[in-house]
Amino acid sequence: MFAKYPDYEIVNLDLLTYAGNLENLKDVESNKNYKFIKGDIADKELVNDLVKDVDAIVNFAAESHVDRSILDSSDFIRTNVVGTHNLLEAAKNNGLKRFHHISTDEVFGHLDPNDPAFNESTPYAPRSPYSASKAASDHLVRAYFHTFGLPITISNCSNNFGPFQFPEKLHGLFITNLIEDKKVPVYGDGLQVRDWLYVEDHCEAIDLILRKGKIGETYCVGGNSEKTNMEIVKKILELLGKGEEMIEYVKDRPGHDRRYAIDFSKIKSELGWESRTSFDEGMKKTVEWHKANVDWWREIKSGAYLEYYNKQYGE
């Protein structure tokens, strides 16, 4: 956003949970138009105070790792539902601020191999505590549009990948494991299908929706790259010059959805957006970034990155 709109002022509210990393902000932290606030969207008073001084809210804040939601869903309800409600209340109480909500394709449930892709009219059918919490937040956002006239938009995106992604997610975990000559864990038969979207393409879509999206509407954002987990693994092995002996099959996740896919024809026809980064190009960029930023992910995997927080915030 700063590269495209240098005059914008951005306030970044982040709780810095395990997945937050101040190292990601090094290139913007000295920008005079940037302010970082360590805080929780579940803190009603803090949120209300911050919203008084902004024109628009983009709600990226979410607990998002399905495995963690299966182990303990409490944080998912608190952040994804209660936190979103606090943001909506603050937007309503401070002059109906422009509100864009980032959601996921997982709210739609799952698809069989020959089913048509999800679109904006697909009924909600979440199947994990994570996706159920995101579905709840989507419904709240729409309710504030219909009940209070809050100027909202929602985007439901497919799986993201690219630089700076916390390395518990598939790409980062597999790439970093293989660089360290460790095996990669593949759930079940590895034939689960996801649509993959390069993160910078997703950000361009959000910017476009925020500026030109029709108020009250939802836009599905997809990468036009349906791949099985096994295809991802084999591509990473190829790019890193590793063999299939590095694959370790593990017990499948409970209730593991088989396939997601996104029909993004609405945002393409209405706003002229489609992903610009091909799957192969995005994979190559992602692998090269991890190879060039070994210190970044090694500090995360070792836990050393948390020491930086403690020094900054005395925790």
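Bear in mind these aren't lab numbers, they're just calculated from the coordinates by the rules spelled out. Just so you know, these numbers come straight off a predicted model, no measurement behind them. Positions of Cβ are backbone-derived with ideal geometry, glycine not excepted, and every protein chain shown enters the neighbour counts.
Numerical summary
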{"quantity": "Gyration tensor (alpha-carbon) shape descriptor, region 35-105, a/c threshold 1.5", "calculated": "prolate"}
{"quantity": "Difference of contour (0.36 nm per residue) and Cα-Cα distance, Phe2 to His65", "calculated": "19.9 nm"}
{"quantity": "Under the Karplus curve 6.51 cos²θ - 1.76 cosθ + 1.60, θ = phi - 60°, whole-Hz ³J(HN,Hα) for region 70-79, x wherever Gly or Pro sits", "calculated": "6, 6, 7, 8, 4, 5, 5, 5, 5, 6"}
{"quantity": "Rounded Å value of the spacing that divides the Cα centres of region 80-133 and region 184-219", "calculated": "13"}
{"quantity": "Val221 long-range amide H proximity, modeled H, under 5 Å", "calculated": "Asn156, Cys157, Ser158"}
{"quantity": "Calculated from backbone phi, Karplus (6.51, -1.76, 1.60) coupling profile of region 229-246 in Hz, x at Gly/Pro", "calculated": "4, 5, 5, 4, 4, 5, 5, 5, 4, 4, 5, 9, x, 10, x, 6, 5, 7"}
{"quantity": "Cubic angstrom per residue, convex hull over Cα atoms of region 157-254", "calculated": "116"}
{"quantity": "Fraction in percent of alpha-carbon pairs per bin - 20 Å, the chain", "calculated": "30, 62, 8"}
{"quantity": "Asn59 long-range amide H proximity, modeled H, under 5 Å", "calculated": "His100, His101, Ile102"}
{"quantity": "Selection from Ser74, Leu96, Ser128 lying farthest towards where the dipole of the chain points positive, charges on Cβ", "calculated": "Leu96"}
{"quantity": "Helix-only [θ]222 nm of the chain, DSSP H runs n ≥ 4, -39500 (n - 2.57) each, per residue, nearest 500", "calculated": "-11500 deg cm²/dmol"}
{"quantity": "Where the Cα pairs of region 41-81 fall when distances are cut into 10 Å bins, in %", "calculated": "25, 45, 23, 7"}
{"quantity": "Shape of region 29-155, Cα gyration tensor, a/c cut at 1.5", "calculated": "prolate"}
{"quantity": "Under the Karplus curve 6.51 cos²θ - 1.76 cosθ + 1.60, θ = phi - 60°, whole-Hz ³J(HN,Hα) for region 172-184, x wherever Gly or Pro sits", "calculated": "x, 5, 5, 5, 5, 4, 5, 4, 8, 6, 9, 6, 10"}
